[in-house]
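One structure is given here, and the rest of the page talks about it.
The values are calculated or read from the model by the stated rules, or taken from the named source; none is laboratory data. Owing to the predicted nature of the structure, the values given are computational and were not obtained by experimental measurement. Every residue, glycine as well, gets a Cβ built from its backbone with ideal geometry; the counts of neighbours run over all protein chains shown. When the accessible area is computed, the model is the full protein with side chains, heavy atoms only, and any ligands, DNA or RNA have been set aside. Shrake-Rupley method; radii C 1.70, N 1.55, O 1.52, S 1.80 Å.
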Amino acid sequence: MSEAIFTKKPLMNKSEYQLFLKITQRLSSIENRQYFRLFSQVSMGEILATKDNRHFALINSKRIDFLIIDRKGYPVIAIEYQGKGHYQQNAIERDAIKREACRKANIKYLEFDDENDQIQLEAMTKYLHLYLEEQNAKSNPNQLAKN
């Protein structure tokens, strides 16, 4: 290790970082700004659990491009960025595994690309508003009776 030479490199490429900034800006526009946080390059093994080691091995080394968590740290939306050059090697199979694992864990899975990012940002925002409404209803069950 003493002879190893390391250099730093960016966490995201330019287009991923541009999407990161757009998502961050959108999150800050949601009424409860402190409720959600955005992370990038998150290992699925850190956000998903299973009792079966074989199933865990399928997701442990896979990464989500972006992850939105709620104020308690729970995953809400996993975002996969389909940038230029995304579909190389076994990308379709990897994405299918990520999508299914998120579905089973009740984590919304969204795919963004360069051409439709505004539509996808709207879908993300709509889902987050619904999520907030559900959380508010859970924390105040009498609110439904009053309405």
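Some points to look at:
- Of the criteria (1) open to solvent by 60 Å² or more (accessible area, probe 1.4 Å); (2) hydrophobic (A, V, I, L, M, F, W, C); (3) touching a residue at least 24 places away in the same chain (Cβ under 8 Å), which one residue 92 fails: (3)
- The sole residue among 40, 28, 61 that is touching a residue at least 24 places away in the same chain (Cβ under 8 Å) and open to solvent by less than 100 Å² (accessible area, probe 1.4 Å) is 40.
- Residue 105 modelled with pLDDT of 95 or more and within 16 Å of the chain's Cα centre (by Cα): yes
- Unmet criterion (only one of (1) more than 23 Å from residue 128 (Cα to Cα); (2) of a type in the set (Ser, Thr, Tyr); (3) exposed (fewer than 14 other Cβ atoms within 10 Å of the Cβ)) for residue 74: (1)
- Whichever residue in region 1-25 is among the aliphatic types (A, V, I, L, M) and over 30 Å from residue 124 (Cβ atoms) and, among such residues, is least open to solvent (accessible area, probe 1.4 Å): 4
- Subset of region 106-122 [open to solvent by less than 50 Å² (accessible area, probe 1.4 Å) and out of contact with any Phe, Trp or Tyr (no Cβ under 6 Å at 6 or more places or on another chain)]: 107, 109, 110, 113, 117, 121
- When region 48-102 is limited to residues that are under 24 Å from residue 119 (Cα atoms) and in a loop (DSSP other than H, G, I, E, B), the one that is modelled with the highest pLDDT turns out to be 70.
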